[in-house]
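To start, the structure under review is shown below, and the notes come after it.
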Amino acid sequence: MYNLPGLTIRTISVSETNNNVYILTSKTSGAQVLIDAADDAPAILSLLADAQEDTDATTHVSAIITTHSHWDHVRALGEVKEVTKAPTAAGEDEIEAITVPTDIALGHGEVRSFEDIELEVIQLRGHTLGSIALLYRDPRGPAHLFSGDSLFPGGVGNTEDDPDRFLSLITDVTERIFDQLPDSTVVHPGHGNGTTLGAERPHLAQWKARGW
């Protein structure tokens, strides 16, 4: 858990594929943003309820954001949406591939406010065409990047040995993330442990050379 001045970041790992589910909760308004309702709706709903302990405001889900359409990231989306009645959001080029209807289309470079939780949308093409990362800029500390399956400790996401998809992804990750954000940026990936841009930056040339 990250206890930031303005919000709390919680995460749980679900399913046999160890998907990370992230919940951002505003300490002021109680607004919550859920990133990737991957699986195990009861566990996700329980985590949403736990957040009430850290704010005086009544917590409520302002948005459920899906980073990309792959099956392991959306298995609980329909159930969580039904229970919370929250709007769903996804990258504008990914919407057609998501089985649950998307209410909010997110475009690259947009800054979206979900009540008082402000997130920047970064499209990272390659793992899927419309994959997005979400950036929260903490005014009092490092930024937090929710990278979906596009960036992990040790490399970019799976592009299925397709050289064109890999080139697209490594280019976007380099130009839209590493060239724009400082080393202190905390990376929260779609699976497994987190990292920082500073820890990964020295290996960019190696990733490009090996082609995955």
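Since every read-out is calculated from the coordinates, none of them should be taken as a lab result. All values derive from a computational prediction rather than experimental measurement. As a convention, Cβ positions derive from the backbone with ideal geometry for all residues, glycine included, and neighbour counts pool all protein chains shown.
Worth a mention:
- Largest mean-square fluctuation among Asp93, Asp103, Asp56, in a Gaussian network model of the chain whose springs join Cα atoms under 10 Å apart, belongs to Asp56.
- For the options Leu47, Leu24, Leu34, a Gaussian network treatment of the chain with springs between C-alpha atoms closer than 10 Å singles out Leu47 as fluctuating the most.
- For the range 95-137, the square roots of the Cα gyration tensor eigenvalues, ordered a ≥ b ≥ c, give a/c of at least 1.5 with a/b no greater than b/c, which places it in the oblate category.
- DSSP-defined beta bridges in the range 135-197 - what % are antiparallel, rounded to 5: 60 percent
- Result for the chain in a Gaussian network model with C-alpha springs under 10 Å: among Leu134, Leu45, Leu145, the largest mean-square fluctuation is at Leu45.
- Expressed to the nearest 5 percent, the antiparallel share of DSSP beta bridges inside the range 1-149 is 70 percent.
- Contact order relative to length of the chain, as percent, for alpha carbon pairs under 8 angstrom and 6 or more apart: 15 percent
- Rounded to the nearest 20 debye, the dipole size of the range 2-210 about its Cα centre is 420 debye, using +1 on the Cβ of Lys and Arg and -1 on the Cβ of Asp and Glu.
- Proximal aspartates and glutamates to Lys85, defined as alpha-carbon separation beneath 15 angstrom and excluding residues fewer than eight positions away on the same chain: Asp103
- The range 73-147 shape via C-alpha gyration tensor axes, a/c threshold 1.5: oblate
- Sorting Trp207, Trp212, Trp71 from the fewest to the most surrounding beta carbons within 10 angstrom yields Trp71, Trp212, Trp207.
- Charge tally in the Cβ shell below 15 Å around Thr55, where Lys, Arg are +1 and Asp, Glu are -1, Thr55 excluded: -4
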